[in-house]
There are 2 protein chains.
Amino acid sequence: MKFERLVGERFKEKPAGSAIDSFALMTRGGYIKYVASGIYSSYAVLRRITRKIEQIIREEMDAIDGQEVLFPVAMPASLWRESGRYEAVGRELMRFNDRNDNPMLLGMTHEEAAVHLVREYGRSYVKYPFMIYQIQTKFRDEPRPRGGLIRAREFTMKDAYSFHTSQEDMDSYFIRCRDAYERIFARVGIPQVAAVASDSGMMGGGVSYEFMLPASVGEDLIAACGNCGCRANVEAAACIVKNERSFVEKPLTKVSTPGMKTIADVCGYLNLPVERSCKAVAYQNNMTDEYVVVFIRGDLDVNDTKLANLIQEDLRPAVIDEAGGIAAGFIGPYNLRGATALYDRSLAGINDLCCGANETDYHYTGLDIERDVGQVAYHDLAKAVEGGICPECGEPALTIWRGVEVGHIFQLGTKYTESMHMDYMDENGRLRHPLMGCYGIGVGRLAASVCEARHDAYGPIWPVSIAPWQAHLCCVRADDGSVKAFADDLYARFESAGIEVIYDDRLVSVGVMFSDADLIGAPLRVIASPRNVKDGRCEILSRDKAVSVRAAADEAADTIKRLLRELSARQTGV
Amino acid sequence: MKFERLVGERFKEKPAGSAIDSFALMTRGGYIKYVASGIYSSYAVLRRITRKIEQIIREEMDAIDGQEVLFPVAMPASLWRESGRYEAVGRELMRFNDRNDNPMLLGMTHEEAAVHLVREYGRSYVKYPFMIYQIQTKFRDEPRPRGGLIRAREFTMKDAYSFHTSQEDMDSYFIRCRDAYERIFARVGIPQVAAVASDSGMMGGGVSYEFMLPASVGEDLIAACGNCGCRANVEAAACIVKNERSFVEKPLTKVSTPGMKTIADVCGYLNLPVERSCKAVAYQNNMTDEYVVVFIRGDLDVNDTKLANLIQEDLRPAVIDEAGGIAAGFIGPYNLRGATALYDRSLAGINDLCCGANETDYHYTGLDIERDVGQVAYHDLAKAVEGGICPECGEPALTIWRGVEVGHIFQLGTKYTESMHMDYMDENGRLRHPLMGCYGIGVGRLAASVCEARHDAYGPIWPVSIAPWQAHLCCVRADDGSVKAFADDLYARFESAGIEVIYDDRLVSVGVMFSDADLIGAPLRVIASPRNVKDGRCEILSRDKAVSVRAAADEAADTIKRLLRELSARQTGV
């Protein structure tokens, strides 16, 4: 198509408040337009990209025997009451009443709708396994939408649901799906995406994987082992530390530490390494306001997700006042009153610790938990750290990197099939609940993530597979008749060769023309200019400038096709 | 794919309460599943059909220079306040508040979102004309959903919006779009769809067309002229009648008509043709409860849409009680008190009428409105009737048929661009509001309508262009090794020839296999059976049984491709 017809504006100025490059470029390049917090309209440039992404996803889902279906966006509350989620999910679930006062909701995920669709179909074991998926709009009333399409309230998602009659079958399908996801991410141009064990599993385990794109703007932290290659979300990664007991038994000794409320202060004052301190982190139960104190080695931090998984109740950071009965900044395990104590396993097998004395302006030294407090249970409650010990191979080779979650696959077990009374007759005539897996990819977030991973200061560098156009034809000096005729001829040749081309023949400066082309980010740029036309050749450049060739008019289309093939192989590794 | 893997159930029994064949067949055939009133999930069979429909629509929209975009499903109320529709639209607009108590709504159409997207882009006349469209989920809280996908609350729609700087340009684009719509309906297999002038225009006029599929289950009535071919929705069709004055002047005479409240009763009793009666139809103003009486020739009915357009206020059929001061069943124009009188033009130029005497149990004969009541204004308020006079050619050749609306195109003028302050600088530096057109097609309704137009008692007869599969391969007696091997070989050949084939090799009776195939409705059925295999040939039948050929295994794929081409040409006229 002609560039001048492309609806949407392109800007030089970085939009205000866009800390994320992909968001800034998509705004500047006429990809998206803000409608409301976390809600955007897409211009044609982005829609061309998302349609290609959707098609790649579709092909890979079909290749693992998926069947495309369509669930409703608006569902009756009764469906979500069956699973208990209507009550259990918070305000991110958008609830409303229809004209007849029936409570309804907007789907943010479709487990209930999936079970509803196949509940009667799946009555016999012979129907299993099967997988259904949709590509559909979802709405999640996020408290803090951010980064444009990275975390939107309304978004397009591919969500898939598989049903199985045995754990072995579930596991083997899960691997097929993980592999399909890896093919999808490779095909859209980010083969560096890594499957990472997430919260619901443990490192190296396997009932839930997040697919993480390494990116400095990512909200997630990933622990990866440089030795064995295993990876986990920091929320899920086991934290292993080596402790050594001191052979010298020291007595528990109260010391005055006036005004020293932090571990750094206290250890500095007492001249102790932080690894020999017992830090207290105080929480309060959201319902009862009761205090919960986590004791942890001074150099480590509490992983709130692990804590929440252990406690199974909602906690918040404690606000400690006079009436609380505990001494803020001076809390310790010995003689603690008015709070539940939990111990991180970083404190196991270590003695001679400093800790709070539960009295303002005093600490203890020489703490030996087993001697002074007694037998306690130790839990894994600490965040994994850079250089930490890999729970798989035991080497101190963990690195921590930031990532954007571009996909997520779960094993759901019988959570939904049991609560929603879906069952099948097995080979022996017994009624059983099928096992279920679910598999999500956000289409818009994926487009934004590819942009995040593949851009320069001037614009996105789209891979061939999802680029809005394959070639951007620039007619520099369209007021020069011979240049215009040459470019028009190229345009006609490209179109008839089936090349997706956008043709800019506006009477604008070269600077404007090229900076607009940078924002569109087509993998190849073809330049017809007075200088080129003189010797009857156009110039063909890759968007990243790595490739630059000159071709005569009658060979340009073939050259483009060859370059696209080469670029494509290099970009996706497929 | 293998039929046995197809998720969804097929039934023999017609579902309860389904007066509409397409709804019954889509339920019986595993196309849709009821989720809530007017809300359905789609199984893979239907999703394959709707994806093909969407692709045809996309191609035709692109061919008239449309650019595919995507608007949000959930929009802030503020956007609809700009146009005034947030307040103006009734309860079919689904309103709700988000977690921060911001009022929001679900899009049932996207004029506001379209203007919002291009308001800045369209600041100069040089950008015009342009058209943007989307294919997206919509929600309309219908009071009476019916017929499955024919009138659903949630539905997928293609909606397009064009912008122009002159009426001439608008008109010429409107014709292009109408032609594109006609190609779409032809390509999906219902070339009989007719463009019909609708309510917002008048017959033969042209600022709004509905595209009507003739169908007995249709909710709309269309008046079509058998002579000149012009068509209009009955809601919009002018009603023209010929009246002749009687040369005999008769006096206004009160006659006793005890208990005779209907025109039929009165005319029968007085031995008058109904065409010589003046019928009264009483309404009440919804706000003020005041009476409005429409006088109309006794053989005609009031067209409520025309009345609403004239009055511009909400009326309801009157409830007349003692206190009302008017005599129910005996209302007439002479000495009418306590009501506003309106006169249909069917009463113009006629005398010697019978009418109510505004007194219980009495009528008048000999009414001459101009003589007895005085000069009154006549309006076109009657429904066009079968055999009526065509307002275009003047011949009494109107026929009335029922239709399902499968598309609608409007000229919106500057309604939205003016209220939402979208303007552009014209050639002379003057600010002006662009003209806007909008163009809708419901995807699910279109699928259901094709089914409605093309089915028999056993199932849908899908046209090649949108059929879920092109060929349905039936292996009759899959327990016979040689038959199974023959069918497996055909399946492999078809797949490698790129034929979309569904393969049924279940061990079920021929009856079950064929009735399931009827419900899937693939245009061609290929049968491998012991009898066929004996002479090394399969049988290829069209779904409508019009074509039946036998082919050897190595020629079957080519035969299928040839038959598909022939069928396709016949079905779509394209």
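The values are calculated or read from the model by the stated rules, or taken from the named source; none is laboratory data. What you see is a predicted model, and the numbers here were worked out from it, not measured in a lab. Cβ sites come from the backbone with ideal geometry, for glycine too, and all protein chains shown count toward neighbours. Side chains included, ligands, DNA and RNA excluded: accessible areas come from the protein's heavy atoms. Shrake-Rupley method; radii C 1.70, N 1.55, O 1.52, S 1.80 Å.
Looking at B:Ala16, B:Ala63, which is the one that is away from every other protein chain (no Cβ under 11 Å), under 25 Å from the mean Cα position of the chain (by Cα) and at pLDDT below 95?
B:Ala16
Take the residues in segment A:360-391 that are acidic (Asp, Glu) and more than 23 Å from the chain's Cα centre (by Cα); name whichever of them is nearest to A:Glu235 (Cα to Cα).
A:Asp380
Could you list, ordered by first residue, the pairs with Cβ atoms under 6 Å in which the first is in segment A:31-48 and farther than 24 Å from A:Pro463 by Cβ and the second is of a type in the set (A, V, I, L, M) and assigned to a strand (DSSP E or B), at least 6 apart or interchain?
Correct list of pairs: A:Ser41/A:Val35.
When the residues of segment B:116-125 are filtered to those that are in contact (Cβ under 8 Å) with a residue 60 or more places away in the chain and within 8 Å of another protein chain (Cβ to nearest Cβ), which remaining residue is farthest from B:Val73 (Cα to Cα)?
B:Val118
Residues checked against (1) under 30 Å from B:Arg28 (Cα atoms); (2) of a type in the set (Val, Ile, Thr); (3) more than 10 Å from chain A (Cβ to nearest Cβ):
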{"residue": "B:Glu87", "(1), (2), (3)": "no, no, yes"}
{"residue": "B:Asn97", "(1), (2), (3)": "no, no, no"}
{"residue": "B:Lys127", "(1), (2), (3)": "no, no, no"}
{"residue": "B:Glu142", "(1), (2), (3)": "yes, no, no"}
{"residue": "B:Gly148", "(1), (2), (3)": "yes, no, yes"}
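Does B:Tyr283 satisfy the condition of being part of a strand (DSSP E or B) and among the aromatic types (Phe, Trp, Tyr)?
Taking the combined requirement at face value, the residue satisfies it.
I need a count of the residues in segment A:525-558 that are touching a residue at least 60 places away in the same chain (Cβ under 8 Å), part of a loop (DSSP other than H, G, I, E, B) and surrounded by 16 or more Cβ atoms within 10 Å (Cβ to Cβ).
Residues flagged as touching a residue at least 60 places away in the same chain (Cβ under 8 Å), part of a loop (DSSP other than H, G, I, E, B) and surrounded by 16 or more Cβ atoms within 10 Å (Cβ to Cβ) within segment A:525-558 amount to 1.
Confirm whether A:Cys239 is open to solvent by less than 70 Å² (accessible area, probe 1.4 Å), touching a Lys or Arg at 6+ places or on another chain (Cβ under 7 Å), farther than 20 Å from A:Val406 by Cβ and of a type in the set (A, V, I, L, M, F, W, C).
Spelling it out, A:Cys239 is indeed open to solvent by less than 70 Å² (accessible area, probe 1.4 Å), touching a Lys or Arg at 6+ places or on another chain (Cβ under 7 Å), farther than 20 Å from A:Val406 by Cβ and of a type in the set (A, V, I, L, M, F, W, C).
With respect to A:Asp199, is the statement that it is more than 14 Å from chain B (Cβ to nearest Cβ), at pLDDT 95 or above, surrounded by fewer than 19 Cβ atoms within 10 Å (Cβ to Cβ) and not in a strand (DSSP E or B) true?
Here the answer is no, as A:Asp199 does not meet what is asked.
Take the residues in segment A:282-333 that are of a type in the set (Gly, Ala, Ser) and at positive phi, then tell me which one is farthest from the chain's Cα centre (by Cα). It would help to see each step written out before you state the result.
Taking segment A:282-333 first, the residues of a type in the set (Gly, Ala, Ser) are A:282, A:298, A:308, A:318, A:323-325, A:327-329, A:332.
Within this subset, residues satisfying the condition of being at positive phi are A:325, A:329.
Values: A:Gly325: 42, A:Gly329: 36 Å.
Top of the filtered list is A:Gly325.
When segment B:66-81 is examined, which residues are found to be more than 9 Å from every other protein chain (Cβ to nearest Cβ) and surrounded by fewer than 22 Cβ atoms within 10 Å (Cβ to Cβ)?
B:Ala77, B:Arg81
Restricting attention to segment B:352-371, which residues are out of contact with any His (no Cβ under 9 Å at 6 or more places or on another chain) and outside any strand (DSSP E or B)? Explain how you work it out, then say what you get.
Here is the first cut: in segment B:352-371, the residues out of contact with any His (no Cβ under 9 Å at 6 or more places or on another chain) are B:352-353, B:358-371.
Listed by number, the residues that qualify are B:Asp352, B:Asn358, B:Glu359, B:Thr360, B:Asp361, B:Asp368, B:Ile369, B:Glu370, B:Arg371.
When you scan segment A:99-115, how many residues do you find that are open to solvent by 10 Å² or more (accessible area, probe 1.4 Å) and either within 10 Å of another protein chain (Cβ to nearest Cβ) or touching a Gly at 6+ places or on another chain (Cβ under 6 Å) (or both)?
Count: 3.
For segment A:55-103, name all the residues that are of a type in the set (Lys, Arg) and assigned to a loop (DSSP other than H, G, I, E, B).
A:Arg91, A:Arg99
One line per residue, one yes/no per condition, for (1) acidic (Asp, Glu); (2) at pLDDT below 95:
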| position | (1), (2) |
| --- | --- |
| A:Met513 | no, no |
| A:Asp535 | yes, yes |
| A:Ala551 | no, no |
| A:Ala557 | no, no |
| A:Lys561 | no, no |
| A:Arg570 | no, yes |
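Can B:Ala522 be described as under 18 Å from B:Glu4 (Cα atoms), in a loop (DSSP other than H, G, I, E, B), in contact with a strand residue (DSSP E or B) (Cβ under 6 Å, 6 or more places away or on another chain) and not β-branched (Val, Ile, Thr)? Even if it seems obvious, please write down each step before you answer.
Details: under 18 Å from B:Glu4 (Cα atoms): yes; in a loop (DSSP other than H, G, I, E, B): yes; in contact with a strand residue (DSSP E or B) (Cβ under 6 Å, 6 or more places away or on another chain): yes; not β-branched (Val, Ile, Thr): yes.
Here the answer is yes, as B:Ala522 does meet what is asked.
Looking at the structure I just gave you, is A:Pro391 in contact with a Phe, Trp or Tyr (Cβ under 6 Å, 6 or more places away or on another chain), open to solvent by less than 50 Å² (accessible area, probe 1.4 Å) and in a loop (DSSP other than H, G, I, E, B)?
No; evaluated as a whole, the condition is false for this residue.
Take the residues of segment A:247-292 that are hydrophobic (A, V, I, L, M, F, W, C) and without any contact (Cβ under 8 Å) to a residue 40 or more places away in the chain: which is farthest from A:Glu313 (Cα to Cα)?
For segment A:247-292, the residue satisfying everything is A:Phe247.
Go through segment B:495-519 residue by residue and tally those that are part of a helix (DSSP H, G or I) and among the polar types (S, T, N, Q).
Result for segment B:495-519: 2.
For segment B:15-30, what are the residues that are without any contact (Cβ under 8 Å) to a residue 40 or more places away in the chain and small (Gly, Ala, Ser)?
Answer for segment B:15-30, where residues must be without any contact (Cβ under 8 Å) to a residue 40 or more places away in the chain and small (Gly, Ala, Ser): B:Ala16, B:Gly17, B:Ala24.
Filter segment A:131-159 for residues that are open to solvent by 30 Å² or more (accessible area, probe 1.4 Å) and of a type in the set (Lys, Arg) and give the result.
A:Arg140, A:Arg144, A:Arg146, A:Arg151 - these are the residues of segment A:131-159 that are open to solvent by 30 Å² or more (accessible area, probe 1.4 Å) and of a type in the set (Lys, Arg).
If you scan segment A:33-60, which residues turn out to be within 23 Å of A:Asp141 (Cβ to Cβ) and either open to solvent by 10 Å² or more (accessible area, probe 1.4 Å) or more than 13 Å from chain B (Cβ to nearest Cβ) (or both)?
If the condition is that a residue be within 23 Å of A:Asp141 (Cβ to Cβ) and either open to solvent by 10 Å² or more (accessible area, probe 1.4 Å) or more than 13 Å from chain B (Cβ to nearest Cβ) (or both), then A:Lys33, A:Tyr34, A:Val35, A:Ala36, A:Ser37, A:Tyr40, A:Ser42, A:Thr50 are the ones that fit.
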